[in-house]
6 protein chains.
Amino acid sequence: MKRGLFVGRFQPYHMGHHNALLNALREVDEMVIVVGSAKESFQPQNPFTAGERIEMISAALKEDGIFGKCYIIAVDDISEYALWSQRIKSYSPRFEVVFTNNPLVKELFEADGYTVKKLVSNIKQVDSTKVREKITKGESIGGMVPSAVESFLRKINARKRIESILKDEEKQ
Amino acid sequence: MKRGLFVGRFQPYHMGHHNALLNALREVDEMVIVVGSAKESFQPQNPFTAGERIEMISAALKEDGIFGKCYIIAVDDISEYALWSQRIKSYSPRFEVVFTNNPLVKELFEADGYTVKKLVSNIKQVDSTKVREKITKGESIGGMVPSAVESFLRKINARKRIESILKDEEKQ
Amino acid sequence: MKRGLFVGRFQPYHMGHHNALLNALREVDEMVIVVGSAKESFQPQNPFTAGERIEMISAALKEDGIFGKCYIIAVDDISEYALWSQRIKSYSPRFEVVFTNNPLVKELFEADGYTVKKLVSNIKQVDSTKVREKITKGESIGGMVPSAVESFLRKINARKRIESILKDEEKQ
Amino acid sequence: MKRGLFVGRFQPYHMGHHNALLNALREVDEMVIVVGSAKESFQPQNPFTAGERIEMISAALKEDGIFGKCYIIAVDDISEYALWSQRIKSYSPRFEVVFTNNPLVKELFEADGYTVKKLVSNIKQVDSTKVREKITKGESIGGMVPSAVESFLRKINARKRIESILKDEEKQ
Amino acid sequence: MKRGLFVGRFQPYHMGHHNALLNALREVDEMVIVVGSAKESFQPQNPFTAGERIEMISAALKEDGIFGKCYIIAVDDISEYALWSQRIKSYSPRFEVVFTNNPLVKELFEADGYTVKKLVSNIKQVDSTKVREKITKGESIGGMVPSAVESFLRKINARKRIESILKDEEKQ
Amino acid sequence: MKRGLFVGRFQPYHMGHHNALLNALREVDEMVIVVGSAKESFQPQNPFTAGERIEMISAALKEDGIFGKCYIIAVDDISEYALWSQRIKSYSPRFEVVFTNNPLVKELFEADGYTVKKLVSNIKQVDSTKVREKITKGESIGGMVPSAVESFLRKINARKRIESILKDEEKQ
């Protein structure tokens, strides 16, 4: 059995992430999804708590029937980059393959003896910044995020959250 | 839909935990299992990493077909107890009921408006300390832990791990 | 008896703060003044230590005979915003009303069940940045800060402090 | 004008502290009261939050009309003892004399050029441990703590707090 | 015997540093070289670990026969600037003179009673940013860094390291 | 060229350490001496600062003419044991062999692919606790520590330091 690792901040989890995950799941049996910057929340680039991100990702995975193949773990940042891959290994179930397009993550895990593969998403035009902007403007994000994520964001009133954070930012 | 919260260190996850979980799952639809003291490992009371604990709990839940009803989240300690319940809320999917026999956890969550219920386990004679002692002596832990946990502990050679840690302790 | 909360960095404490405090004190019996970012000092935006800020605010309150109605507490930053209101509650005497114009602080405390009111200052043209600039240029800050604060800043030679910090900044 | 420094954990603030403070106030004009271990609370040795300790000390000082001569600052622990006196200096209004019976505090501040004097209390039979024990047993603490502190502890239901914490301790 | 202190980040150690060190060593018998921001590495401005920086500086000192006159200590950052000089004193062998051109470092150490002298380098056209740029482009850094440093950087493949970090930066 | 690693707290550095170092230096060309628990000082088990320990070890190495073969690095503790060997690697010049008698250190570094060898000292009757006890009693430690360490401890008045710390301990 082969397990992969997929790191992101998922602020929020969108179709680009989801599609890349589905593609990567063709190459491994199970995936560890690392919710990075776990402690960051209520900030312009990081509006959602780790718990909210775990909840929205879980909902999307259940919607597609792949929750049973995934582990979702929240990992907080470490200012010592030299310790970062070790921190991930200590928080995660064992894994063999790392999926990333980030050259530094690639270097750190390769130095540690891991196979590193590219993340391939067929949905390239979506990113978290765009999704947050749409939410702020009150525009529909249908199609940009899994529908379970869309419902979740509506339920927690993501729009009000992001607006408050942005107003706070402007004032300073 | 109602979600519960169940906090433990799970060093390791044993039948006492598992039975209490099964009982509590009769009262809620889903359960958030909090792996506490996430950063502690390679220590006499805390031999296993958060990742290892997540992996062993997942295996036990899958064995019993209840993985789909649970979230497993690792949360590190906070020296400021006054912030602890808030930390849990920030790391966890939303929950309504807290299952605990710990009077302080009860007080902190009740003060925060949560319903707190007792954990009831039909298997009272097992605790983590006893399991670790058996492992050290090379005795069977069959029946004390879910069989998937037993296999997992054998696979990572838990005996050697615990022996090294204990020898280290004695020397100091 | 009703107690309010008033959060600021007070680098330094100026007439805008002071006037808003006097206005807010018409609505509550006592006020907790939170000196935020307590650990920051000797930096361009944060030249003064928590101790210096406590001392200058106390001097201003005594000058106006309202020291006995106020508590001044220093609170350091917390990178986990989700825990911030809890940190304040743990460091502060009990309070019922939060005075703030910051939308995020408003959201966090309202979610926690607090009444949040606007801070109203009749002195709008003064802010800490302007005061620091005047100090650097050696210009008078009379009228911009309470006179007890003016004396204090002269006594600790605030001008030399800010100049050293700014030169340091330019060099990097 | 001469200012003194008086460090304690004040769990809770009792007549021994109060009497020593009154004696020390004969030698200086003002006193900085440092509420140490600010972040510790909800623990057997440290049941009360920094905010609660500030509130109870303030009440006692007001009762005796000496609130206007004191500053109460909360300072969290620092694991690097070599930095401790510097941390105090950064959080506190300027002071000249340190009142302490602790030989290490004496050494650290003398090395830093401060005058260190002994704390003299006429009330020697009271200490925080005894007060907490009385509270747990539901016995009167009248005379052991200033009456304003007694009222405060009753208002926050200190007995229930300490009982929950102690039960938690026993269980582990 | 008189000992000096010389603080830098040394990312990497270059001829400007080295020449200033040689000049300063005419005024003191021994020098403590502080490798600052010790925990930062694998970042655009801070590509090298503390260990790598200690190793490259040592090699350069040995090359010039002055290793026996120097102490190299790694010190991590402290967010509380008010504690910074105390941190250095706690990590360093005793010293009497501080060599620095940084006005804030000057202010902090002078306030602490130290003699502060200017660092004088005859090699002004070299700085760490330029060296890192040359490395990235694959151009020779001969003459910009001591030859022992040049060999070391080649051995650890500094070029690949810096390229990975910079690509990572661009992506975000 | 082969480099070894030797970890200790060195509170203080004594003949047992020194003899083991000399023996180990027969097997490698250079040695990295790790001064562990760098931030701990002014405590009963850890009276000396990292800087003092670096200074006393350096003096002993110079006395024996082996300073040029050694690197002395101070490393602070990390509560996450799983990251500990990575922290050492990030703070230390590259090394190939680890000298330790500690089974956990052995396990952690072997898991990381390092050769681990036993430390062999011909001087078994000396340990740091005994040395500290002798110092407190004002008895001679001649022969227990290198003579350069003895002079250093006298110069900083180690006896007074340890006495103050112990009295502090007794009081609590």
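The values are calculated or read from the model by the stated rules, or taken from the named source; none is laboratory data. Everything numeric in this text was worked out from a predicted model, so none of it was measured. Methodologically, a virtual Cβ is constructed for each residue, glycine included, from the backbone with ideal geometry; neighbour enumeration extends over all protein chains shown.
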Going through (1) free of Cβ contacts under 8 Å to residues at least 24 places away in the same chain; (2) surrounded by fewer than 19 Cβ atoms within 10 Å (Cβ to Cβ); (3) under 20 Å from residue D:32 (Cβ atoms) one by one, residue C:62 fails only at (1)
Report, by residue number, each residue of the range D:133-151 that is surrounded by fewer than 19 Cβ atoms within 10 Å (Cβ to Cβ) and among the β-branched types (Val, Ile, Thr). D:136
Please work out which residue is nearest to residue E:79 (Cα to Cα), limiting yourself to the range E:1-56 and to residues that are among the β-branched types (Val, Ile, Thr) and facing chain F (nearest Cβ under 10 Å). E:35
Number of the exception - residue C:154 against (1) away from chain B (no Cβ under 14 Å); (2) surrounded by 13 or more Cβ atoms within 10 Å (Cβ to Cβ); (3) assigned to a helix (DSSP H, G or I): (2)
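Looking only at residues that are buried (at least 18 other Cβ atoms within 10 Å of the Cβ) and over 19 Å from the mean Cα position of the chain (by Cα) in the range B:104-113, which one is nearest to residue D:159 (Cα to Cα)?
Within the range B:104-113, the subset buried (at least 18 other Cβ atoms within 10 Å of the Cβ) is B:104-109.
Okay, now just the ones that are also over 19 Å from the mean Cα position of the chain (by Cα), so B:107-108.
Working: B:107: 13, B:108: 15 Å.
Ranking the qualifying residues of the range B:104-113, first place goes to B:107.
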Within the range B:58-82, the residues that are closer than 20 Å to residue A:53 by Cβ and not acidic (Asp, Glu) are B:58, B:67, B:68, B:69, B:70, B:71, B:72, B:73, B:74, B:75, B:78
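Going by what's in this entry, would residue B:85 be described as of a type in the set (Gly, Ala, Ser), surrounded by fewer than 24 Cβ atoms within 10 Å (Cβ to Cβ) and under 27 Å from residue D:51 (Cα atoms)? Outline the logic, then answer.
Numbers: of a type in the set (Gly, Ala, Ser): yes; surrounded by fewer than 24 Cβ atoms within 10 Å (Cβ to Cβ): yes; under 27 Å from residue D:51 (Cα atoms): yes.
So residue B:85 fits the description; yes.
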Out of (1) under 23 Å from residue F:41 (Cα atoms); (2) modelled with pLDDT of 95 or more; (3) over 18 Å from the mean Cα position of the chain (by Cα), the odd one out for residue F:94 is which? (1)
Is it the case, given these coordinates, that residue D:16 is part of a helix (DSSP H, G or I) and within 20 Å of residue D:105 (Cα to Cα)? yes
Does residue F:101 meet the test of being in contact (Cβ under 8 Å) with a residue 60 or more places away in the chain and either surrounded by 16 or more Cβ atoms within 10 Å (Cβ to Cβ) or among the polar types (S, T, N, Q) (or both)? no
Residue F:67 passes all but one of (1) among the aromatic types (Phe, Trp, Tyr); (2) under 15 Å from residue F:12 (Cα atoms); (3) at pLDDT 95 or above; which number fails? (2)
Which of the residues spanning the range D:33-62 are in contact with a Pro (Cβ under 6 Å, 6 or more places away or on another chain) and more than 25 Å from residue B:108 (Cβ to Cβ)? D:60
Quick check: anything in the range A:45-56 modelled with pLDDT of 95 or more and more than 22 Å from residue A:153 (Cα to Cα)? no
Failed criterion for residue F:77 (all others in (1) charged (D, E, K, R); (2) buried (at least 20 other Cβ atoms within 10 Å of the Cβ); (3) closer than 18 Å to residue F:6 by Cα hold): (2)
Could you say whether any residue in the range A:121-132 is surrounded by 21 or more Cβ atoms within 10 Å (Cβ to Cβ), facing another protein chain (nearest Cβ under 10 Å) and in a helix (DSSP H, G or I)? no
Tell me yes or no: at least one residue of the range F:41-48 is without any contact (Cβ under 8 Å) to a residue 40 or more places away in the chain and of a type in the set (A, V, I, L, M, F, W, C). no
Given (1) outside any helix (DSSP H, G or I); (2) at pLDDT 95 or above; (3) touching a helix residue (DSSP H, G or I) at 6+ places or on another chain (Cβ under 8 Å), where does residue B:139 come up short, assuming only one miss? (3)
Do we have any residue at all in the range F:135-144 that's closer than 16 Å to residue F:17 by Cβ and either without any contact (Cβ under 8 Å) to a residue 12 or more places away in the chain or touching a Ser or Thr at 6+ places or on another chain (Cβ under 7 Å) (or both)? no
I need a count of the residues in the range F:47-74 that are outside any helix (DSSP H, G or I) and among the small types (Gly, Ala, Ser). 2
I'm trying to understand the selection: among the residues of the range C:75-119, which are of a type outside the set (Phe, Trp, Tyr), away from chain B (no Cβ under 12 Å) and not in a loop (DSSP other than H, G, I, E, B)? C:97, C:98, C:103, C:104, C:105, C:106, C:107, C:110, C:115, C:116, C:117
